[in-house]
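Have a look at the structure below before the remarks.
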Amino acid sequence: VLGQSFATGIPCVLATSTLPLPPELAAVADQAGVPLLRTTVSTPVAIGKLTAILEDHLASREVIHGVLMDVLGLGVLLVGESGIGKSECALDLVTRGHRLVADDSVEVRRRAETVIIGTSPGPTRYFMEIRGLGLINIKDLFGVAATRSSKRVEFVVELQRWDTARDYDRLGLDDAHHDLLGLSIPKVTMPVAPGRSVAILVEVAARNQLLRARGVHAARAFV
């Protein structure tokens, strides 16, 4: 019976708790070349931990160009064309007490049905590229409290160059969204022009989004 079971392509066998292992199990596992693992953790706890690990490792993943920040506890993803000022905006936000997750390259993965987690690829973690200044290490410059390893992506801010011929939304009644790994994330489009403090605008947008999540919509209340 064990031989027939191992012939089906079992990747490994995990024995939980402190139950004794039949000697036949180890012999057949050796013969089939299947790892035999064991843990003293109880079966329900082991299943829960393994499920969480597998969900993380088997989740849909993608690397996107952008900057991920933790602004007031809200995961804010800054996107836009190269050179638009995403990193400079993120640096301003860090000096205002917010936390950097990833600069330039953001690795996102989908967990469960409605959760997208963003993190920084290992080699670029804590680093930020500022044109004219070069690479800086945010953790070394501002301390460990200015960074975090991962954050749920909950809000997208798209930076665009100011176009005088474009008619921008003046009230903010329309709710825009950004598709990310098949999920719809709330989004705002932020025109960038000389003299505009983009970091302050992004922080206010994050505050406004937190209010909207609580059912407070300033534009609709005004109308």
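Numbers for the structure displayed
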{"quantity": "Rounded percent of accessible protein surface that carbon and sulfur make up, the chain, 1.4 Å probe", "calculated": "56 percent"}
{"quantity": "Charged-residue dipole, Cβ positions (Lys, Arg, Asp, Glu), the chain about Cα centre, Debye nearest 20", "calculated": "560 debye"}
{"quantity": "Highest-first arrangement of 35-47, 89-101, where packing means the average Cβ count within 10 Å", "calculated": "89-101, 35-47"}
{"quantity": "For the chain: rounded, prolate or oblate by the Cα gyration tensor [a/c cutoff 1.5]", "calculated": "prolate"}
{"quantity": "Gyration tensor verdict on the range 99-223 (Cα atoms; rounded if a/c is under 1.5, prolate if a/b is larger than b/c, oblate otherwise)", "calculated": "oblate"}
{"quantity": "Accessible solvent surface per residue of the range 1-152, calculated while the other protein chains remain in place, 1.4 angstrom probe, Å²", "calculated": "56 Å²"}
{"quantity": "Separation between Cα centres of the range 45-72 and the range 192-223, rounded to whole Å", "calculated": "28 Å"}
{"quantity": "Cα pair distances of the range 128-189 binned at 10 Å [whole percent]", "calculated": "15, 29, 31, 23, 1"}
{"quantity": "Most to least packed among 154-160, 112-118, 48-54 [average Cβ atoms within 10 Å]", "calculated": "154-160, 112-118, 48-54"}
{"quantity": "With Cα atoms, 0 to 90° folded angle of helix 86-95 axis to the chain main axis", "calculated": "90 degrees"}
{"quantity": "The chain - percent relative contact order, Cα under 8 Å, separation 6 or more", "calculated": "17 percent"}
{"quantity": "For the chain, calculated [θ]222 nm from helices alone, where every DSSP H run of n ≥ 4 adds -39500 (n - 2.57)", "calculated": "-8500 deg cm²/dmol"}
{"quantity": "1.4 Å probe accessible area per residue over the range 159-217, in Å²", "calculated": "65 Å²"}
{"quantity": "Tilt relative to the chain, helix 198-213 - C-alpha long axis, 0 to 90 degrees, to 10", "calculated": "60 degrees"}
{"quantity": "Using alpha-carbon coordinates, inclination of helix 23-32 to the longest axis of the chain, degrees", "calculated": "60 degrees"}
{"quantity": "Inter-label distance, nm, simple model (7 Å from Cα along the C-beta direction), Gln4/His57", "calculated": "3.0 nm"}
{"quantity": "DSSP-loop GluC sites (Glu not before Pro) across the range 1-84, with at most 15 other Cβ within 10 angstrom", "calculated": "Glu81"}
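The values are calculated or read from the model by the stated rules, or taken from the named source; none is laboratory data. Keep in mind that what you see is a predicted model, and the values were worked out from it rather than measured. Every residue, glycine among them, receives a Cβ derived from its backbone with ideal geometry; neighbour counts consider all protein chains shown. These area figures cover heavy atoms from the full protein model, side chains too; ligands, DNA and RNA do not enter into them. Shrake-Rupley method; radii C 1.70, N 1.55, O 1.52, S 1.80 Å.
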